[in-house]
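The values are calculated or read from the model by the stated rules, or taken from the named source; none is laboratory data. Just so it is clear, the structure is predicted and the values come from calculations on it, not from any experiment. Reconstructed Cβ throughout: ideal geometry from the backbone, glycine too, with neighbour counts over all protein chains shown. We work out accessible area using only protein heavy atoms, side chains counted, and drop any ligands, DNA or RNA first. Shrake-Rupley method; radii C 1.70, N 1.55, O 1.52, S 1.80 Å.
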Amino acid sequence: MNSELPKSIDLKNDFQSPTYDEWKKIVEKDLKGLPFEKLITRTIEGIDLQPIYTRETLEKNLHLDQFPGSGSTRSANSTGYFKTPWLINQRIELADADAFNAALKEALNRGQNSIYMALDRASKLGLDADYAKTEDVGNGGLSISGLSSFSRALKDIDITKQPLFISTGFSSVPFVAILSAYCKQNNIDISKITGSVEADPIGYWASEGELPVPVNSAISGLKSSMIWKQKNAPLMKTISVSTLPYCNNGANATQELAYAIATASEYIRNLLNLGLSIDDIAQNIKVTFGIGSSFFTEISKFRAAKLLWKNLISAFGGNEESQNIYISAVTTQLNKTIFDPHVNILRTTTEAFSAIAGGINSLQISPFDSLLSVPDNFSRRIARNVQIILKEESHFGNTIDAAGGSYYVENLTEQLAKNAWKLFQQIENKGGMIESLKSNFIQNEIDETFQQRAKNVSKRKSVIVGTNMYANPTEELLNGKKVNHQELQKQRAEFLQNFRVPENGKKNEEILEALATLSQKCDDQSINVAANAILNGATLGEITHSCRVNVNDIERIKINAVKIRRLSEPFEELRIKSNSINSTTGQKPSVFLATMGTIKEYKGRADFARGFFEVGGFEVNYPNGFDSSEKVI
């Protein structure tokens with residue numbers, strides 16, 4: 001025998017690759033009579049996932065020849081995250097401006113590289129805290145009623161050093177004015193500020209069911225902010241397209257993608273009709289997606305979004321730069337739980353992984369206890385550190401489209417994009433996103449998907465660890481810190497009543513009257529007038545009231561709201577009921593397992609029974625095996 005090793009190896013000729021048919025024959029033999037189709041998995045989007053993907057499956061893929069760079073579906077930057085890392089865009093859900101400021105400073109000192117200012121419901125409605133409903137004050141974020149609270153929230157923070165994001169709900173106009181006034185008061189060059197003061201009237205309308213102003217008026221308000229930002233703050237964005245209302249209601253990846261581009265298309269058409277250009281509009285839009293739990297589907301979703309955006313903007317005649325989509329990602333509430341909440345950390349970690357691999361620009365991870373309470377420093381820190389660990393220790397920042405070239409991911413990206421485009425065309429044929437919400441088409445589509453998800457969870461085909469599987473019946477709910485809306489409103493009201501002195505009212509009367517006239521023109525002058533009024537002491541409520549003097553309530557159309565719901569809620573209700581029985585009687589519902597014979601004889605059924613009853617909060621007595629019924633008794 002020749003024991004010498006060959007001098008070279010020819011991988012192509014020395015090793016014969018099996019064909020797909022040869023592989024399939026061996027697999028069918030191993031299945032021992034079961035059909036090959038048993039290996040095919042159907043996703044909630046209706047896509048059949050094959051057990052294997054080969055080069056041949058990508059022959060008709062139209063985007064494989066793209067390289068990272070401008071207009072690419074892979075990455076807008078040729079260097080990926082190397083030179084432009086994703087933004088750690090953590091939410092701080094504190095209502096008090098001083099508390100928010102302290103928490104933000106700590107976050108920025110501990111790795112956060114952007115500012116995200118979430119506003120409470122009262123502020124988004126444009127109401128001063130003392131004129132809002134008590135339950136709206138502090139509900140969802142920061143309570144802002146004017147320049148003073150805004151200034152306290154950003155005290156000693158240089159907003160030119162990191163991007164600033166303000167989520168304003170349906171109208172950005174009053175908050176653009178507040179930001180303008182703040183910059184004037186503090187001699188800050190607003191042209192250097194990056195980020196967004198963003199409004200998404202359609203998304204807000206979908207989640208709330210109604211708007212304080214007609215939808216068309218809210219969309220027209222987007223023009224005012226956009227013209228102002230072009231002249232004063234060109235590096236900022238003022239239009240948001242968010243799929244969070246739909247994702248948190250149960251929408252699948254195909255629906256999310258379709259609703260995003262349908263909403264963007266609605267804004268683009270309206271703003272084009274108001275005289276703006278496609279490139280200015282497209283480059284002013286920030287798109288926010290939720291992140292679901294299906295790992296590879298989510299990676300493919302974010303990659304498909306780039307392909308769809310390019311198709312949409314090119315169809316409107318946008319240039320190559322405009323075809324780059326800015327994607328923000330937020331972990332969804334749909335699969336999160338209040339029992340065993342620390343498992344939420346694992347869920348958000350894999351979700352963050354898929355979003356980063358999909359090529360997002362900014363990422364927000366919800367703290368593990370956000371469903372139970374106002375997150376504290378610890379839970380916010382954990383959420384923030386997930387991103388820092390993925391970036392610094394797992395080296396996710398050293399990649400450029402890590403999933404690119406995977407036969408599976410590339411195929412799934414293409415399928416999602418095609419299916420989403422078909423649904424988008426269906427929405428367009430129904431008159432667009434606004435008409436589809438009015439007719440309940442969107443709501444019905446999502447509800448059908450949610451019911452399918454709920455069915456899978458109820459049968460444990462889809463597993464929610466710690467809830468419908470592997471529950472811990474001895475666990476108690478965490479004692480969360482809730483917002484005291486009544487006390488907060490009282491504090492805010494006292495401040496505002498002292499702030500509104502008669503001199504300020506007389507001083508602002510003429511300015512506010514001018515604002516009421518200018519607000520109908522959809523230009524930047526109304527924002528400049530509002531900023532001056534704010535500098536002179538006008539409040540948020542006074543500004544928005546002046547802008548809505550001529551609002552026609554008849555045009556305010558109500559729709560069925562797309563509310564947040566979670567898949568774990570039916571199981572959590574069982575656990576809560578069990579705890580309630582325990583509080584009343586001193587004992588939870590209990591089950592005794594009559595385990596007969598040897599471990600081998602009873603373990604399979606007994607383990608299943610224990611897991612089944614523990615999901616409902618039952619205490620399970622699981623003894624060793626008995627050899628007679630008398631001993632069981």
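Mind checking the per residue accessible area of the range 576-633 for me, 1.4 Å probe, whole number of Å²?
68 Å²
Taking every pair of alpha-carbon atoms in the chain, what share in percent sits in each 20 Å bin, from 0 to the bin with the longest distance?
The percentages, shortest bin first, are 17, 48, 26, 8, 1, 0.
Considering only protein heavy atoms and a probe of 1.4 Å, how much of the accessible area of the chain is carbon and sulfur, as a whole percent?
Values: 15140 of 29930 Å².
Taking all protein chains in place, the chain shows 51 percent carbon and sulfur surface.
With the cut-off at 31 Å, tell me which of the pairs 438/461; 38/286; 306/391; 83/192; 237/482; 184/438 have Cα atoms farther apart than that.
438/461; 38/286; 237/482; 184/438
Let me know the longest stretch in the chain that avoids all chymotrypsin sites (Phe, Trp or Tyr not before Pro) found in a DSSP loop with at most 12 other C-beta atoms within 10 Å.
83-633
Give me the one-decimal Kirkwood hydrodynamic radius in Å for the range 255-352, with the sum taken over alpha-carbon pairs.
Taking the inverse mean of 1/r over all distinct Cα pairs, the range 255-352 comes out at 14.8 Å.
Can you give the direction-averaged projected area of the convex hull of the alpha-carbon atoms in the range 101-216, in nm²?
With every direction weighted equally, the projected area is 7.7 nm².
If Rh is defined by the Kirkwood formula over all Cα pairs and Rg also comes from Cα, what ratio Rg/Rh do you get for the range 378-423?
Result for the range 378-423 is an Rg/Rh of 1.22.
Give me the accessible area per residue for the range 1-108, probe 1.4 Å, as a whole number in Å².
Accessible area per residue: 72 Å².
Counting pairwise Cα distances across the range 84-150, what percent come out greater than 17 angstrom?
42 percent
Tell me the volume per residue, in Å³, of the convex hull enclosing the alpha carbons of the range 1-65.
Cα convex hull per residue, to the nearest whole number: 177 Å³.
Can you tell me, using C-alpha contacts under 8 Å and at least 6 residues apart, the relative contact order of the range 200-249 as a whole percent?
Computed value for the range 200-249: 45 percent relative contact order.
Quick one: work out the % antiparallel among DSSP beta bridges in the chain, nearest 5.
Working: 2 of 34 bridges.
Percentage antiparallel, nearest 5: 5.
Can you tell me how much longer the chain between residue 15 and residue 620 gets when fully stretched, taken as 0.36 nm per residue apart minus their C-alpha distance, in nm with one decimal?
On the way: separation 605, 0.36 × 605 = 217.80 nm, distance 5.68 nm.
Gain in length upon complete extension: 212.1 nm.
Out of residues 5 or more away from residue 626 or on other chains, whose amide H comes under 5 Å of its own, with H placed 1.01 Å from N in the peptide plane?
So residue 626 has HN proximity to 595, 596, 597.
Using a 1.4 Å probe, what is the accessible area per residue for the range 109-255, in Å²? Walk me through the intermediate numbers first.
Working: 4190 Å² over 147 residues.
So the range 109-255 comes to 29 Å² accessible per residue, rounded to a whole number.
Mean residue ellipticity at 222 nm from the helices of the chain, using -39,500 (n - 2.57) per DSSP H segment of n ≥ 4 over the full residue count, to the nearest 500 deg cm²/dmol?
-14500 deg cm²/dmol
Evaluate the charge dipole of the chain about its Cα centre and quote only its size in Debye, nearest 20, assuming +1 on the Cβ of each Lys and Arg and -1 on the Cβ of each Asp and Glu.
Result for the chain is approximately 380 debye, rounded to the nearest 20.
When we measure straight from the Cα of residue 430, which aspartates and glutamates land under 20 angstrom away, once same-chain ones fewer than 8 places off are left out?
The qualifying aspartates and glutamates are 256, 266, 445, 447, 448.
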